[in-house]
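**Student:** Please read through the structure below; I'll follow up with questions.
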Amino acid sequence: MSGVIPRILVVEDEPAIQELLRLTLAPSGFDVEVAGTAEDGLDAVRRELPEAALIDWMLPGMSGLQMARQLRSDQRTRLLPIIMLTARGDEGDRVSGLETGADDYITKPFSPRELVARLRAVLRRRAPQHSGDVIEIDGIRLDPAAVAVTVDGDACALGPTEFKLLRLLMSHPARVFNRGQLLDLVWGDHRFVEERTVDVSIRRLRAAIGDKGETLIETVRGVGYRCNGKIE
């Protein structure tokens with residue numbers, strides 16, 4: 001994973017649309033990586049899992065539709081949010097795109113504002129920790145855009161790893177994450193880090209939050225950790 005900025009993989013062979021997507025997504029708080037073919041896109045995913053993929057239907061070599069099917073058939077990428085981009089706008093094509101497992105389908109030409117809104121909506125459904133929404137639970141407020149956390153209105157200083165860890169846990173209240181899942185989602189699935197590193201970061205995070213730390217982040221014995229409370 002990239003830092004606190006969601007990384008979006010754009011698989012598009014037209015340079016003008018590549019640049020349009022860069023100029024649309026970067027100012028909206030996304031880190032953009034561009035691949036010109038499905039094969040290059042799959043290589044990029046193997047190197048580092050992005051937070052979402054925008055895939056053009058018509059690509060040289062392997063089609064975007066075939067790429068989406070391949071991503072959905074792989075355990076590592078089966079939950080990756082996917083939006084298909086295409087000039088093909090009839091109902092049959094839309095159905096075909098969605099039947100591959102794509103989360104959404106946008107036809108060209110598209111509105112940049114609509115694209116950003118729909119990307120955020122897909123992230124909100126599939127990966128809420130990357131949606132960009134402010135989260136507040138029990139007086140603890142996390143603002144992803146500002147990379148800031150406050151506890152009852154007072155600033156709370158967190159390192160990048162602890163910020164990502166808190167963001168993930170607060171985005172999924174009551175869900176239990178085991179240490180392996182936390183390593184994949186926070187440190188990155190291609191990072192070789194020992195599981196005890198998670199425990200060290202949890203201790204740092206609780207200490208930074210203060211009195212509410214132990215209550216907010218619960219240890220589930222023999223399993224992992226979860227965030228207590230409800231999003232306000």
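A short reminder: the numbers here are calculations on the coordinates, not readings from a lab. All values reported here derive from a predicted model rather than from experimental measurement. Because the Cβ atoms are built from the backbone with ideal geometry, glycine has one as well, and the counts that use them run over all protein chains shown.
**Student:** Using Cβ contacts closer than 10 Å as the measure, can you line up V223, V122 from fewest to most? Don't skip to the answer; put the middle values down first.
**Tutor:** Details: V223 11, V122 20.
Fewest-to-most Cβ neighbours within 10 Å comes out as V223, V122.
**Student:** Once Rh is set to the Kirkwood radius over Cα pairs, what Stokes-Einstein translational diffusion coefficient, in µm²/s, holds for the stretch 140-204 at a temperature of 20 °C and a viscosity of 1.002 mPa s? Before the final figure, lay out each step's value.
**Tutor:** Details: Rh = 12.5 Å.
Result for D is 171 µm²/s.
**Student:** Same structure, new question: Note down the magnitude of the dipole of the chain about its Cα centre, charges +1 on Lys and Arg C-beta and -1 on Asp and Glu C-beta and zero elsewhere, to the nearest 20 debye. Mind dumping the intermediate values first?
**Tutor:** Values: 31 positive and 36 negative charges, 130 e Å.
My answer is approximately 620 debye.
**Student:** Here's something else I'd like to know. For the stretch 48-89 and the stretch 142-186, write down the distance between their C-alpha centroids in whole Å.
**Tutor:** 28
**Student:** Based on the inverse mean of 1/r over its pairs of different Cα atoms, what is the Kirkwood hydrodynamic radius of the chain, in Å?
**Tutor:** In the chain this quantity evaluates to 18.7 Å.
**Student:** Ranking request for peptides 8-19, 136-147: highest mean number of other beta-carbon atoms within 10 Å first, then the rest in descending order.
**Tutor:** By packing density, highest mean first, the sequence is 8-19, 136-147.
**Student:** By how many degrees, between 0 and 90 and to the nearest 10, does the Cα long axis of helix 38-47 differ from the longest principal axis of the chain?
**Tutor:** 20
**Student:** Sort E194, E33, E39, E162 so that the residue with the fewest other Cβ atoms within 10 Å of its own Cβ comes first and the one with the most comes last.
**Tutor:** In increasing order of surrounding Cβ atoms, one gets E194, E39, E33, E162.
**Student:** Based on other C-beta atoms within 10 Å, arrange L49, L85 from fewest to most.
**Tutor:** L49, L85
**Student:** Below 20 Å, Cα to Cα, which lysines can K230 reach? Residues fewer than 8 away in the same chain don't count.
**Tutor:** Result set, ordered by chain and number: K164, K212.
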